[in-house]
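Contents: one structure, followed by commentary.
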Amino acid sequence: PRVTIVGAGRVGSTLAQRIAEKNLADVVLLDIVEGMPQGLALDLTEAKGIELHNRQIIGTNNYADTSGSQIVVITAGLPRKPGMSRDDLLKTNAKIVVEAAKKAIAHSPNAIFIVVTNPLDVMTYLAWQATGLPRDRIMGMAGVLDSARFETFIALELGVLPADVKAMVLGSHGDLMVPLSRYATVNGIPITELLDAATIERLVERTRNGGAEIVELMQTGGAFFAPASATSVMVESILLNQSRLLPVAAYLQGEYKLADIVIGVPCRLGCGGIESILQLNLTDGEKAALQASAQSVRKNIDRAQE
Ligand code: NAI
């Protein structure tokens, strides 16, 4: 199989490395900057013999080289600078993502699309619109990352192995994300048995602020290792038809009483893309948080289209 990554920046190039080194697929890295994706592809190719995989990695500026991809990941666009919210990237990235989606689908009409560019839910909606894809074949990555951050902070707090912590974060990728604390467990033991409410709230706040915390520390762009890992899990579940249940930004048609909006919900991901959306019985508070999350995405979809 072949995976195209549009945007060979920090998230895109790290994702290319993950996909090749996990031996999941051949990778085409595309960017508008000339020479850069070609250089990265050569560098990754030179590591093949050491990392012991035999995946082809191609760098290009030309969409014709992406043809026949099973998956297209869009990471093209600007990242945040310190003090910026994801929404500040709206108009610039909207133009970039819509153009990338249209060009990529023209060469890979059967591909499944994963959008990573921020503001995530809005960009996924615009890419869905631009490609005209059925909703099972286009989605955004955010929930897997936000959940991984929440799990990390829980693991750090309790001093346990991060892999033993399971949690899910729904909603939009932003300040209004909806971490489902009452479902979070350490190997099946609810964290509500292990931590007091104030501590859980502090970890939830750190999760909401997880992206900004890294932007502030680095001062030059945002996180990319964990975002690339999170995206590679989605790619893997699709390519290997694993049917993993992951939080994915999906186009909703009435689920959770939301329609014509993209927002993070639990989805089963397999070779057809989104195979089903799980509808949880949320508390009134969680429902209200999801609604508020959806409203902010809607406002930004309208702003992007002004
Ligand atoms: P970066 O600046 O390192 O890479 C972006 C790349 O896109 C650059 O190489 C740039 O040349 C390229 N690009 C710009 N316009 C293009 C076009 N028209 N066609 C093709 N390529 C184009 O940024 P980074 O750190 O890789 O982040 C990429 C995006 O992903 C940002 O919008 C960032 O906010 C978002 N992001 C989303 C996450 C999520 O959870 N959904 C997590 C991390 C980042």
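The values are calculated or read from the model by the stated rules, or taken from the named source; none is laboratory data. Values in this document were obtained by computation on a predicted structure and should not be read as measured data. Don't worry about glycine lacking a Cβ; one is built from the backbone with ideal geometry, like all the others, and counts go over all protein chains shown. Quick note on the areas: whole protein, heavy atoms, side chains included, nothing else; ligands and nucleic acids left out. Shrake-Rupley method; radii C 1.70, N 1.55, O 1.52, S 1.80 Å.
By the equivalent-ellipsoid construction on the alpha carbon gyration tensor, the stretch 215-306 comes out with semi-axes of 23, 22, 13 Å, ordered largest to smallest. Around the Cα centre of the chain, unit charges on the Cβ atoms of Lys, Arg, Asp and Glu (plus for the first two, minus for the last two) sum to a dipole of about 500 debye.
Ranked by accessible surface with a 1.4 Å probe, highest first, in what order do H173, H107 come? Before the final figure, lay out each step's value.
Working: H173 20, H107 70 Å².
These residues rank, largest area first, as H107, H173.
Model label points for Q56 and E255, set 7 angstrom from Cα along the Cα-to-Cβ axis, are 3.5 nm apart. The value obtained for the chain, namely the Cα convex hull volume divided by the number of residues, is 129 Å³ per residue. Length gained on full extension, T283 to T92: 65.1 nm, using 0.36 nm per residue less the C-alpha separation.
For Q295 and S229, a Förster radius of 45 Å and the Cβ-Cβ distance give a FRET efficiency of 0.90, rounded to the nearest 0.05. About the centre of its Cα atoms, the stretch 162-306 shows a dipole size close to 200 debye [charges on the beta carbon of Lys, Arg (+1) and Asp, Glu (-1) only; nearest 20 debye].
Show which aspartates and glutamates lie in cross-link reach of K81 when reach means a straight Cα distance below 13 angstrom and same-chain residues fewer than eight apart are skipped. Excluding near neighbours in sequence, the set is E213, E216. Could you pull out which residues in the stretch 268-300 have an amide N less than 16 Å from a spot 7 Å beyond the Cα of L240, following the Cα-Cβ vector? Answer for the stretch 268-300: 269-272. Every helix of 4 or more DSSP H residues in the chain counts as -39500 (n - 2.57), and over all residues that averages to -13500 deg cm²/dmol at 222 nm.
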